Amino acid sequence: MIDETQDQLTRIELIPDLSHCVQTRAKQEYGAVMSQIMSGDDSPGLEERVELLKAFLEEADFGRLRRESEEHLTQGHKVKFVLSGSAGSGKWFVRMTVEGPA
């Protein structure tokens, strides 16, 4: 997972596979970030990441995202979702990219 915080924009990469959908990957990342916060890690961007993931998990149409990604995954392609949002705004967007066979 990659996180970039620049000009108040947070980006998180979520890479599903046939065993773990984008929702599962987002839940795993949310859990990992929460663990970092609870352990006292005060790295920059953690609060923004957890807010972005929380909004995504509450609002995304995961049925649609799964259908779109599984179509490519079953053909052997690598799928990546880039989740982006502005810190504190509660607004987010997600972009799916597909690469050739994995």
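Set side by side, the residues PHE81, PHE93, PHE56 differ, and just one is surrounded by 11 or more Cβ atoms within 10 Å (Cβ to Cβ), among the aromatic types (Phe, Trp, Tyr), assigned to a strand (DSSP E or B) and within 15 Å of the chain's Cα centre (by Cα), which is PHE81. When the range 77-92 is filtered for residues that are out of contact with any Phe, Trp or Tyr (no Cβ under 6 Å at 6 or more places or on another chain) and modelled with pLDDT under 95, the ones remaining, listed by number, are SER86, ALA87, GLY88, SER89, GLY90, LYS91.
Evaluation of THR10 against the conditions (1) among the hydroxyl-bearing types (Ser, Thr, Tyr); (2) in a helix (DSSP H, G or I); (3) within 14 Å of the chain's Cα centre (by Cα) shows that the sole unmet condition is (2).
Taking the range 27-53, which residues are among the hydroxyl-bearing types (Ser, Thr, Tyr), farther than 17 Å from PHE93 by Cα and assigned to a helix (DSSP H, G or I)? Show your work before the answer.
Filtering the range 27-53 for residues among the hydroxyl-bearing types (Ser, Thr, Tyr) gives 30, 35, 39, 43.
Keeping just the survivors that are farther than 17 Å from PHE93 by Cα gives 35, 39, 43.
Passing the criteria: only SER35.
Matching residues to (1) over 14 Å from LEU14 (Cβ atoms); (2) hydrophobic (A, V, I, L, M, F, W, C); (3) free of Cβ contacts under 8 Å to residues at least 60 places away in the same chain; (4) surrounded by fewer than 10 Cβ atoms within 10 Å (Cβ to Cβ):
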| site | (1), (2), (3), (4) |
| --- | --- |
| GLU29 | no, no, yes, no |
| MET38 | yes, yes, yes, yes |
| GLU47 | yes, no, yes, no |
| ARG64 | yes, no, yes, yes |
| GLY85 | no, no, no, no |
| SER89 | yes, no, yes, no |
| GLY100 | yes, no, yes, yes |
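Can you tell me which residue is surrounded by the most Cβ atoms within 10 Å (Cβ to Cβ) among those in the range 66-78 that are in a helix (DSSP H, G or I) and touching a Leu at 6+ places or on another chain (Cβ under 9 Å)? Going through the qualifying residues, I end up with LEU73.
The values are calculated or read from the model by the stated rules, or taken from the named source; none is laboratory data. Since the model is a prediction, treat every value here as computed from it, not as a measurement. FYI the Cβ positions are ideal-geometry reconstructions off the backbone, even for glycines, and counts take in every protein chain you see.
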